[in-house]
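So the structure is just underneath, and the comments pick up after that.
Bear in mind these aren't lab numbers, they're just calculated from the coordinates by the rules spelled out. What you see is a predicted model; the values in this text were computed from it and never measured. When we count neighbours, we look across all protein chains shown, and the Cβ atoms used for this are built from the backbone with ideal geometry, even at glycine.
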Amino acid sequence: MLKLYLLRHGKAVNPEKSTDDFKRKLNKKGTAQANQIGFIFKRDEFQVDQIIASGAQRTQETAEIMNYYLWRKPIIFDDSLYLASREKIQAVLQEKANGKNILLTGHNFGLSDFVNYLVDDQLVMSTGMLVQINFNFDDWKLLGANTGTIEKIIEPQVHSF
């Protein structure tokens, strides 16, 4: 049985005219959101074999905070996950997933579309939200429409600073 943890990056700083969206960092709330999810992962002893994340600054920071709590192998950063479609997210997982429990950190709207494709739902992921999807097979290449079941949704309860 495979487990996929899909995590939308934490809240990022507001875009400015001169700021490249790819380089936007987490703001204080986003950092707190990622830390809260990481704390829950550690406390509840979630098993993660690999972390895959978009190469954008805010997803890198979110994945690195998670890695702090999980003490995992190096993170695989993939720039093609930046604002990726559900098809691209699926292709990256099928190519790079190594293990039975994968944490993927990415962006909306592709991430929400991917969740809904896998479980036939209408979920919209907010910043910092994590969705755990379980599959009754052991090969990432079998990912497809309606092949998963949502096991858990964790939405961080962090107030603005």
Task: Mean Cα-pair separation over length for the range 37-97, i.e. relative contact order, pairs under 8 Å, 6 or more apart, % - done: 37 percent
Open item on the list: Quick check: net charge around Ser112, other residues with Cβ under 10 Å of its Cβ, Lys/Arg +1 and Asp/Glu -1?
Closed with: 0
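Show me the chymotrypsin sites (Phe, Trp or Tyr not before Pro) within the range 1-79 that DSSP assigns to loop and that have at most 16 other Cβ atoms within 10 Å of their Cβ.
When the chymotrypsin sites (Phe, Trp or Tyr not before Pro) of the range 1-79 are filtered for loop state and at most 16 Cβ neighbours within 10 Å, Trp71 remain.
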- [ ] List the aspartates and glutamates whose Cα lies under 19 Å from the Cα of Lys3, skipping any in the same chain that are fewer than 8 positions away.
- [x] Asp44, Glu45, Asp49, Glu87, Glu95, Asp113, Asp120, Asp121, Asp138, Asp139, Glu151, Glu155
Task: Value at 222 nm in deg cm²/dmol, rounded to 500, when DSSP H runs of n ≥ 4 in the chain each add -39,500 (n - 2.57) - done: -10000 deg cm²/dmol
TODO: Under a cut-off of 19 Å between alpha-carbon atoms, report the lysines in cross-link reach of Lys23, not counting same-chain residues fewer than 8 places apart.
DONE: Lys11
Open item on the list: Would the range 114-160 count as rounded, prolate or oblate if I go by the C-alpha gyration tensor, calling it rounded below 1.5 in a/c and otherwise prolate when a/b exceeds b/c, oblate otherwise?
Closed with: prolate
TODO: Could you tell me whether the range 1-109 comes out rounded, prolate or oblate from its Cα gyration tensor? Rule is a ≥ b ≥ c as square roots of the eigenvalues, rounded for a/c under 1.5, then prolate if a/b exceeds b/c, otherwise oblate.
DONE: oblate
Open item on the list: Apply the a/c threshold of 1.5 to the C-alpha gyration tensor of the range 18-73 and tell me whether it is rounded, prolate or oblate.
Closed with: oblate
